[in-house]
Amino acid sequence: MYQSPLAAAHLLVLNRLLEHRREVAASASEIRGDQVDRQVPTSVELETVPWGVVEEGGEPACEIVLDFGELEAEYAAIRRASGIFDRVDRAVIELVGADAEDLLERLVTNAFAGQAAGVVRAFLLERTGRVLSDLVLVRLDDRVLVELDRTDVGRVVSHLSGFVFAEDVKVLDRGSDLHRIDLLGPESPAVIEAACGKSLRGGEAMQVQIGDHPVTIFALDTPTSSPVGEPGIGLVVDRDRAEAVWELVLAAAPAGRRPVRAIGWNAFNIARLEAGTPLFHLDFGPDALPHETGVLADRVSFRKGCYPGQEVVARMESRGKSKRRVVGLRGIGDALPITGAQIFDETEGVGSQVGVVTGSTIAPMRGAAIIALASIRASHVAVGTRVLVNAEGEMVPAVVTALDFDLPESSKPDHPEGAAS
């Protein structure tokens, strides 16, 4: 199991927050003239969760921090300032050599070689058209970084290496010696500029110095925004320099700006669900075809050359439909379905399952509305389709939406037709 080099830095964050809470409690005690609030704990423990499919007798790929004890403040940092997130769940493969770009161009679903953008998202497919991995390709002056889920590294290294014959390219597994960090939120560009003296535009990647440490930074922005719907910047740094870079970025907020706050998976996940961002291994998996993922337009070019699996993708595009798709789901009521909750046809009920919830949350940006991502049968993916979903022990109504979770007029609570539901 990969161990984060930021474990000590995480504990330092917790201790700083605990000390701050003690100071606030002591100040309040002085004003009230009583003792320090005894609800302030004497110590705190970092809560983590395993990442990656755990086979019987095996272990997870890594463990990811859930939060630092102040979830609301962490979420607010993403929306109003900047949050720094240890992406222990992500890893890096490095391609070096004159033919690195050409190799990727022949294998991935999106155009990469010769493109103006230095950061491109693409799928790597099996010959059957199934998704082998969801990639972020980062072009640098002397190499290409392939950023991906940590659980996919071994398969992708083997897959890419299998297509190297006489080409000038080496495929290197850097998952253990390079570490990934995200900076997320509207003030992230200003923080990075303060940390390294360079500004980063959307679709751009560059090598910079943060303190005395070389760091690769790249824009997380898709054509709309980063996975959380706010500006985002990815950092790749040598493992033994990760803690120093983390501390420098934490302290890099320009004067007059809100401080950078360490965040965990819980805040990130709420924000990415609000942004309607499906993730590989959570909302779709290796059994999915690109047309079933909900992110086809961002990952696939229909004007580039051949790649393994292209025939299947082209055939599905010409046919105009798929068996299922990742869509948005808007709950009618207050019951929150959990991941894995079954979705049923509104008329036939439990006799006709049409999908499954892949992730859900109470959305702060939508007035605490219940939203979810779901993989649903093609017959029920039209926006406005009414379904039933298992939530909190009962069957509750929900409405299929696009990934923006906007309800059609006929389904809004104040609409006569919607109110009848």
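The values are calculated or read from the model by the stated rules, or taken from the named source; none is laboratory data. What you see is a predicted model, and the numbers here were worked out from it, not measured in a lab. Don't worry about glycine lacking a Cβ; one is built from the backbone with ideal geometry, like all the others, and counts go over all protein chains shown.
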* To do: Would you mind stating whether Ala255 is modelled with pLDDT of 95 or more and either part of a loop (DSSP other than H, G, I, E, B) or surrounded by fewer than 17 Cβ atoms within 10 Å (Cβ to Cβ) (or both)?
  => no
* When you go through (1) touching a residue at least 60 places away in the same chain (Cβ under 8 Å); (2) part of a loop (DSSP other than H, G, I, E, B); (3) over 28 Å from Ser322 (Cβ atoms); (4) out of contact with any Phe, Trp or Tyr (no Cβ under 8 Å at 6 or more places or on another chain) one by one for Asp102, which number turns out not to apply? -> (2)
* Asked: Within segment 131-150, is even one residue at pLDDT below 95, within 24 Å of Ser226 (Cα to Cα), outside any helix (DSSP H, G or I) and more than 22 Å from the chain's Cα centre (by Cα)?
  -> yes
* Structure fact -> Residue set Phe163, Phe112; condition touching an Asp or Glu at 6+ places or on another chain (Cβ under 8 Å) and either under 19 Å from Arg299 (Cβ atoms) or at pLDDT 95 or above (or both); output residue Phe112
* Structure fact -> Flagged in segment 18-51 as under 28 Å from Arg180 (Cα atoms) and either in contact with an Asp or Glu (Cβ under 6 Å, 6 or more places away or on another chain) or modelled with pLDDT of 85 or more (or both), in numbering order, are Leu46, Glu47, Thr48, Val49, Pro50, Trp51
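For the condition outside any strand (DSSP E or B) and surrounded by fewer than 18 Cβ atoms within 10 Å (Cβ to Cβ), what is the one hit in Gly175, Gly154?
Values: Gly175 fails: surrounded by fewer than 18 Cβ atoms within 10 Å (Cβ to Cβ).
On inspection, the qualifying residue turns out to be Gly154.
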* Structure fact -> Counted residues in segment 284-305 being closer than 30 Å to Leu46 by Cα and buried (at least 24 other Cβ atoms within 10 Å of the Cβ) come to 1
* Asp212 fails exactly one of the following numbered conditions: (1) among the acidic types (Asp, Glu); (2) touching a strand residue (DSSP E or B) at 6+ places or on another chain (Cβ under 9 Å); (3) modelled with pLDDT of 95 or more. What is the number of that condition? -> (2)
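Say whether the condition of being more than 23 Å from the chain's Cα centre (by Cα) and modelled with pLDDT of 95 or more is met by at least one residue in segment 219-241.
Taking segment 219-241 first, the residues more than 23 Å from the chain's Cα centre (by Cα) are 240-241.
Among the residues that remain, those that are also modelled with pLDDT of 95 or more are: 240-241.
Yes.
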